[in-house]
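The values are calculated or read from the model by the stated rules, or taken from the named source; none is laboratory data. Here the structure is a predicted model, which means the values were calculated and not measured. Glycine gets a Cβ as well: all are built from the backbone with ideal geometry, and neighbour counts include every protein chain shown.
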Amino acid sequence: MSPASLTKMMTSYVIGQELARGNISEDDDVTISKNAWAKNFPDSSKMFIEVGTTVKVKDLNRGIIIQSGNDACVAMAEHIAGSEDAFVDLMNAWADTIGMTNTHFANVHGLDNPNLYSTPYDMALLGKALIRDVPDEYRIYSQKKFTYNGITQYNRNGLLWDKSMNVDGIKTGHTSNAGYSLVSSATEGQMRLVAVVMGTKDANARKSESKKLLSYGFRFFETVAPHKAGETFVEEKIWMGNKDTIALGLDQDTYVTLPRGEAKNLKASFVLEKELEAP
């Protein structure tokens, strides 16, 4: 399936990784080339950047995430990798790392291309990776609007305005070929869900179908912590110590998401890679 602007989630993921590693800074100035000119993207979403001007990375990043700017995507790709093609290579390398086995990226913005394709499952993996690996980047997805060059644009993720659930991201996508898509994420207590719908008929459909998925997940599943940090769940034999056994547990809380009511059936098991010896 064509992911359309869901592609920008991977563009954003790469940017988040580059920021986290210190390879670029939010305060870097990016000179806008003709390739990133807003006029190259008529009748599509853009940030309205102009050739020869300089724009901060932090502004381009928000232009990608909030405004879905195709022009901003190209500008950041050139800033990080020198060209859009080189940046696409980074995108596909990260897709392999994340485990997106049925995805291939062909550009940085998601406009229709026969070599651009993905699946709902792979997009869910990417959403999970954004939340887990680059949390500072993910936090931008909750912002409802962004103003650049006197033009205010609103986040197209309509669920951000839905007060019935705590949705804090992620990304919409649309082309005439791809239909209307949405990756969304919401939290309830210790539980976070990621929902993906692709190829719906209109913006209202992608919103309502996403809400149905999230509501279903929160209603019929729960996230529990069967073992807390510091709790002992087994005593194991230890050699050459002043005691015969030692308590084993976890150094952090462990959370498991499962169908409601199934927590009582959980059983802990462990595998020791070698015999325990006293220091």
In region 30-45, what count of residues is obtained for those that are under 20 Å from Ala81 (Cβ atoms) and either touching a residue at least 24 places away in the same chain (Cβ under 8 Å) or surrounded by 17 or more Cβ atoms within 10 Å (Cβ to Cβ) (or both)?
8
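Those residues that are surrounded by fewer than 18 Cβ atoms within 10 Å (Cβ to Cβ), in contact (Cβ under 8 Å) with a residue 40 or more places away in the chain and of a type outside the set (S, T, N, Q), I need them from region 181-198; list them, please.
Within region 181-198, the first condition is being surrounded by fewer than 18 Cβ atoms within 10 Å (Cβ to Cβ), and the residues that meet it are 187-191.
Still in the list and also in contact (Cβ under 8 Å) with a residue 40 or more places away in the chain: 190-191.
Result: Met191, single match.
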Restricting region 225-249 to residues that are modelled with pLDDT under 70 and not in a strand (DSSP E or B), the residue that is surrounded by the most Cβ atoms within 10 Å (Cβ to Cβ):
Ile238
Restricting to region 46-64, name every residue that is crowded, with 23+ Cβ neighbours inside 10 Å and either more than 14 Å from Glu26 (Cα to Cα) or outside the structural domain of Val134 (by TED's automatic domain parsing) (or both).
Lys46, Met47, Ile49
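On the basis of being at pLDDT below 95 and either farther than 30 Å from Lys264 by Cα or not in a strand (DSSP E or B) (or both), does Ala205 make the cut?
Working: at pLDDT below 95: no; either farther than 30 Å from Lys264 by Cα or not in a strand (DSSP E or B) (or both): yes.
No, not satisfied.
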Taking the criterion of being more than 22 Å from Lys58 (Cα to Cα), assigned to a loop (DSSP other than H, G, I, E, B), β-branched (Val, Ile, Thr) and in the same structural domain as Leu19 (by TED's automatic domain parsing), would at least one residue in region 103-124 satisfy it?
yes
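Could you tell me how many of the residues in region 156-177 are buried (at least 22 other Cβ atoms within 10 Å of the Cβ) and among the hydrophobic types (A, V, I, L, M, F, W, C)?
Residues of region 156-177 buried (at least 22 other Cβ atoms within 10 Å of the Cβ): 157, 159, 167, 169-174.
Those still in the list that are among the hydrophobic types (A, V, I, L, M, F, W, C) too: 159, 167, 170.
The total comes to 3.
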So, in region 69-107, exactly how many residues are of a type in the set (Asp, Glu) and farther than 22 Å from Ala38 by Cβ?
2
Working only within region 144-153, note down all residues that are surrounded by 14 or more Cβ atoms within 10 Å (Cβ to Cβ) and either closer than 23 Å to Ser184 by Cα or under 19 Å from the mean Cα position of the chain (by Cα) (or both).
Phe146, Gln153
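Are any of the residues in region 91-100 of a type outside the set (Phe, Trp, Tyr), part of a loop (DSSP other than H, G, I, E, B) and farther than 20 Å from Ile170 by Cβ?
No; the residues of region 91-100 include none that is of a type outside the set (Phe, Trp, Tyr), part of a loop (DSSP other than H, G, I, E, B) and farther than 20 Å from Ile170 by Cβ.
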Quick count over region 250-279, residues being at pLDDT below 75, surrounded by 13 or more Cβ atoms within 10 Å (Cβ to Cβ) and small (Gly, Ala, Ser), is 0
